[in-house]
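Trainee: Take a look at the following structure, please.
The values are calculated or read from the model by the stated rules, or taken from the named source; none is laboratory data. Note that the coordinates shown come from a computational prediction; the quantities given were computed from them, not determined experimentally. When we count neighbours, we look across all protein chains shown, and the Cβ atoms used for this are built from the backbone with ideal geometry, even at glycine.
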Amino acid sequence: MIVENTQTQMRKGILEYCILSIIAKGETYASDIIAELKKAQLLVVEGTLYPLLTRLKNNGLLTYNWVESTSGPPRKYYVLANEGRLVLEQLDKTWKELEFAVHIAIGDRIPPQAAEPGNE
């Protein structure tokens with residue numbers, strides 16, 4: 001149980017960073033964000049994503065545009081706001097610092113290729 005809790009907390013800790021990074025690539029629909037996270041093996045459901053997107057929007061990091069859809073109601077596409085870009089730059093720096101610190105802390109105990117998903 002302790003391992004699962006720690007794994008969950010680690011994933012939660014990087015989820016916002018990953019979401020901002022995905023949206024930074026360009027205007028993004030929520031289901032595209034979920035697909036990208038799944039591809040990265042960060043499984044997220046809509047019930048987790050939408051409150052996060054709302055919080056990021058309310059904090060001024062995201063904006064959105066409504067785009068008409070040929071197959072249903074208009075879709076909300078998310079865009080990184082200027083403040084979001086600044087925050088993402090800071091998170092990029094923090095990620096590099098953490099990556100370095102973890103690499104130093106674990107040393108040679110886990111070779112990089114062994115840490116990739118599917119190689120456990």
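Trainee: Quick one: count up the residues across the range 27-67 that are assigned to a loop (DSSP other than H, G, I, E, B) and either at positive phi or touching a Leu at 6+ places or on another chain (Cβ under 9 Å) (or both). Spell out the reasoning first.
Mentor: Step one: filter the range 27-67 for residues assigned to a loop (DSSP other than H, G, I, E, B), giving 27, 40-45, 59-61.
In the following step, the residues that additionally are either at positive phi or touching a Leu at 6+ places or on another chain (Cβ under 9 Å) (or both) were identified as 41-44, 60-61.
Residues flagged as assigned to a loop (DSSP other than H, G, I, E, B) and either at positive phi or touching a Leu at 6+ places or on another chain (Cβ under 9 Å) (or both) within the range 27-67 amount to 6.
Trainee: Exactly one condition in (1) without any contact (Cβ under 8 Å) to a residue 60 or more places away in the chain; (2) closer than 21 Å to Thr8 by Cβ is not met by Trp95; state its number.
Mentor: Failing condition for Trp95: (1).
Table: residues versus (1) modelled with pLDDT under 95; (2) in contact with a Lys or Arg (Cβ under 7 Å, 6 or more places away or on another chain).
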site	(1), (2)
Lys25	no, no
Tyr29	yes, yes
Gln41	yes, no
Glu68	yes, no
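Trainee: Still on this structure: Which of the residues belonging to the range 15-34 are exposed (fewer than 12 other Cβ atoms within 10 Å of the Cβ) and not polar (S, T, N, Q)? Working first, answer last.
Mentor: Let us first name the residues in the range 15-34 that are exposed (fewer than 12 other Cβ atoms within 10 Å of the Cβ), namely 25-26, 31.
Those that are exposed (fewer than 12 other Cβ atoms within 10 Å of the Cβ) and not polar (S, T, N, Q): Lys25, Gly26.
A quick yes/no check of all residues on (1) closer than 26 Å to Gln9 by Cβ; (2) without any contact (Cβ under 8 Å) to a residue 40 or more places away in the chain; (3) under 14 Å from the mean Cα position of the chain (by Cα):
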| position | (1), (2), (3) |
| --- | --- |
| Gln41 | yes, no, yes |
| Asn59 | yes, yes, no |
| Thr63 | no, yes, no |
| Lys76 | no, no, no |
| Gly84 | yes, no, yes |
| Ile104 | yes, yes, no |
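Trainee: Would a scan of the range 11-26 turn up a residue that is small (Gly, Ala, Ser), in a helix (DSSP H, G or I) and touching a residue at least 40 places away in the same chain (Cβ under 8 Å)?
Mentor: Of the residues in the range 11-26, the ones small (Gly, Ala, Ser) are 13, 21, 24, 26.
From what is left, the residues that are in a helix (DSSP H, G or I) are 13, 21, 24.
After this cut, where a residue has to be touching a residue at least 40 places away in the same chain (Cβ under 8 Å) as well, the list is 21, 24.
Looking through the range 11-26, at least one residue is small (Gly, Ala, Ser), in a helix (DSSP H, G or I) and touching a residue at least 40 places away in the same chain (Cβ under 8 Å).
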